[in-house]
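Worksheet: the structure to be examined is printed underneath.
The values are calculated or read from the model by the stated rules, or taken from the named source; none is laboratory data. All values reported here derive from a predicted model rather than from experimental measurement. Cβ coordinates were reconstructed from backbone atoms using ideal geometry, including for glycine residues, and neighbour counts include every protein chain displayed. Accessible surface is based on the protein model in full, side chains and every heavy atom, while ligands, DNA and RNA are left aside. Shrake-Rupley method; radii C 1.70, N 1.55, O 1.52, S 1.80 Å.
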Amino acid sequence: MESVKEITVFCEQGDSAKLSTWSNVPYFLTKALLDRGIKVNRVDLSPKANILHKIVYKLWNAFVKGVLRGRWCATYRRSRLYFFLSELKIKRSVRRYPDADILLFTSFSYPVRKISAKPVVIFCDWTLEYDCRFFQGRAPESLPASEKAFIRRQDKCMETADFVVSLFPGVAEYLKSRYANPNIFYLGNVVNALYEPAKELIREKERRCDILFIGKKHYRKGAEELIDAFRTVREKRPEARLHIVGMPRGMFGALPEGVECYGYLAKESPSQCEKYYELLSKCRLFINTTPKWGAFSASVEAMYYFTPVILTPYSEFVKTFGDEISFGMYHTDGANLAGEIETMLSDEGFSRKAVSAHEAVASMTWDNFVKRLLDITETGR
C-alpha cells in the first residue's frame, strides 16, 4: 500500500525494538514495516518503560498478590491506574506523531474510545474472555469483579477499533461471532526466524537422533511426558539426545542420560541465539504434547527449519494445518508417545516429511503478513 508512509506502533508488552518482547512478535512486525520503507514510531506502553512506573508496578503487584492474595483488586496491568497513565501516554504520542497514517496496537486492551481520525488497528492473539473460556475452562461470569471489568474494557476496544487482527483463525472466528465490528480478520500466522535455513540441513538431521522441546514452565506437563517417553526410547537408541529449551534442569527430578536442559535462550544474546539456532539446525524431531496448546510459535519455527513434529491436535494448529499432517503426527491423550517417537525416528521418508514441514510454513513470512495488514486498511477486506 503505497499511501502508508508512517505508522505509530503502541506496544503494551515492552520495547518493540527488542527481540525479547512478546516472543519476538513486535520486533519482527516493526522490522517488516521498516523493510518496506515505512517510518515506525515506537511507543512502549509497558510499566517497565521508566523507573518510577516500574517501581509502582512492582509494589502494586506485591501487595495484590501477597497481601490480598489476588482477591478484590486487579494486578497492575489490569488496573485503572495503569490504563489511565497509558491513555495519557497514547494521547501525547498521537500529538507527537501527527503524520502517522495508521495507529497500530499490539494489544486488545487499547483504545476504548476513538483517539484519532487515523485508522486504528489492534493486533494480538486472544482476549481474556477467550482465554478464560477455552484455556482455563471457566465461565467468565465466575471471575472476580476486577477481571470482569477488564473483559468489559476489551469488549469496548473490539468495537472501537477500525480493524481487529488475531494471529489465529479459530480466535478470529470466535471474535466475529461475539462482536458487531465487521472488520475482524485472521491474516495468517508468522514464523519468527532470524535466519533462513538451508535445505542441506536435512542431511545433517538424518544422521542424528536428537529431539527438541521448546517451552517455558507452563508447558511442563508436555516436557515431563516427553522425558518419560524418552527413557523408553533411550533403551533402544542409546545415541538419542533430548534437548529442552525454556526450562532449567532443576525443574525436574532425576533425568535419564542424554537429556540436556538449557533454560531460556534469549535471541538478543549472541551466544544463546547461536545455541538456539544450532539446536533447530541439528534436531531431527520437535515434540510438545502439552494439552490445549503446544507452543505454536516454536513449532512453526522448528518446521521452518525442516523439522517434523509430534504435537497434540489442539484446535488452532488443526485449523491452520488440517486434521491430517504430512510433516509429522498428532499425539492424542493416552497414546504411546515412545512408540510414536520410534516410528518417526525410524521413518525412511524423513526427508519428505522435513521438506513438507518447511513448505507448510514457508509462506508465513512477516513480509506477507504486513502486506495483508496494509491491504485491509486500504480496502477494508
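Output the relative contact order of the chain, whole-number percent, from Cα pairs under 8 angstrom with separation of 6+ residues. If you can, show how the numbers build up before the last one.
Working: 614 pairs, mean separation 55.0, N = 381.
It comes to 14 percent, rounded to a whole number.
The packing ranking, built from the mean of other Cβ atoms within 10 Å per residue, places the peptides 363-370, 135-142, 24-31 in the order 24-31, 363-370, 135-142, highest first.
Over the stretch 81-162, the fraction of Cα-Cα pairs per 5 Å bin, rounded to whole percents and listed from the shortest bin up, is 3, 14, 22, 23, 16, 10, 6, 4, 1. For the stretch 228-381, the relative contact order works out to 18 percent when only alpha carbon pairs closer than 8 Å and six or more residues apart are counted. Ranking Val64, Val112 by solvent-accessible area of protein heavy atoms (1.4 Å probe, all protein chains present), from largest to smallest, gives Val112, Val64. Computed over the alpha-carbon pairs of the stretch 120-267, the distance histogram in 5 Å steps reads 2, 8, 13, 13, 12, 12, 12, 11, 9, 6, 3, 0 percent, short to long. A DSSP coil position with no more than 12 other Cβ atoms inside 10 Å describes the following GluC sites (Glu not before Pro) in the stretch 199-280: Glu200, Glu239, Glu257, Glu268. The distance linking the stretch 56-123 with the stretch 262-311 is 32 Å (Cα centroid to Cα centroid, whole angstrom).
Normalised by the number of residues in the stretch 87-154, what is the relative contact order in percent for Cα pairs under 8 Å and 6+ residues apart?
Working: 53 pairs, mean separation 19.4, N = 68.
With pairs under 8 Å counted, the relative contact order is 29 percent.
Going through the cross-link list Lys91/Lys156; Lys18/Lys282; Lys236/Lys292; Lys114/Lys292; Lys54/Lys292; Lys58/Lys176, which pairs have a Cα-Cα distance over 28 Å in this structure? With Cα atoms farther than 28 Å apart: Lys236/Lys292; Lys114/Lys292; Lys54/Lys292; Lys58/Lys176.
In a DSSP loop and with at most 16 other Cβ atoms within 10 Å, the chymotrypsin sites (Phe, Trp or Tyr not before Pro) in the stretch 42-128 are Trp72. Distance between the 7 Å Cα→Cβ label points at Arg36 and Lys292: 3.5 nm.
Could you work out Rg/(2.2 N^0.38 Å) for the chain, with Rg from alpha carbons only?
So the chain has a normalised radius of gyration of 1.04.
Gyration tensor analysis over the Cα atoms of the stretch 261-307 returns equivalent ellipsoid semi-axes of 19, 13, 9 Å (largest first, whole Å). The calculated FRET efficiency for Phe84 paired with Ala117, based on their beta-carbon distance and R0 = 35 Å, is about 0.90.
Counted by Cβ distance under 10 Å from Thr8, the other residues give a net charge of +1, where Lys and Arg count +1 and Asp and Glu count -1. With a simple spin-label model that places each label point 7 Å from the Cα along the Cα-to-Cβ direction, the separation between Glu235 and Arg138 comes to 4.1 nm.
Write out the chymotrypsin sites (Phe, Trp or Tyr not before Pro) in the stretch 207-307 meeting two conditions: DSSP loop, and at most 16 other Cβ atoms within 10 Å of their Cβ. Each step should come with its number before you reach the end.
Values: sites: Phe213, Tyr219, Phe230, Phe252, Tyr262, Tyr264, Tyr276, Tyr277, Phe286, Trp293, Phe296, Tyr304, Tyr305, Phe306; in loops: Phe252, Tyr264, Trp293, Tyr305, Phe306.
In loop regions of the stretch 207-307 (DSSP not H, G, I, E or B), the sparsely surrounded chymotrypsin sites (Phe, Trp or Tyr not before Pro) are Phe252, Tyr264.
Between Arg220 and Asn368, the distance separating the two model label sites (each 7 Å from Cα on the Cα→Cβ line) works out to 3.7 nm.
For the stretch 293-381, a Kirkwood radius taken over Cα pairs fed into Stokes-Einstein (10 °C, viscosity 1.306 mPa s) yields D = 110 µm²/s.
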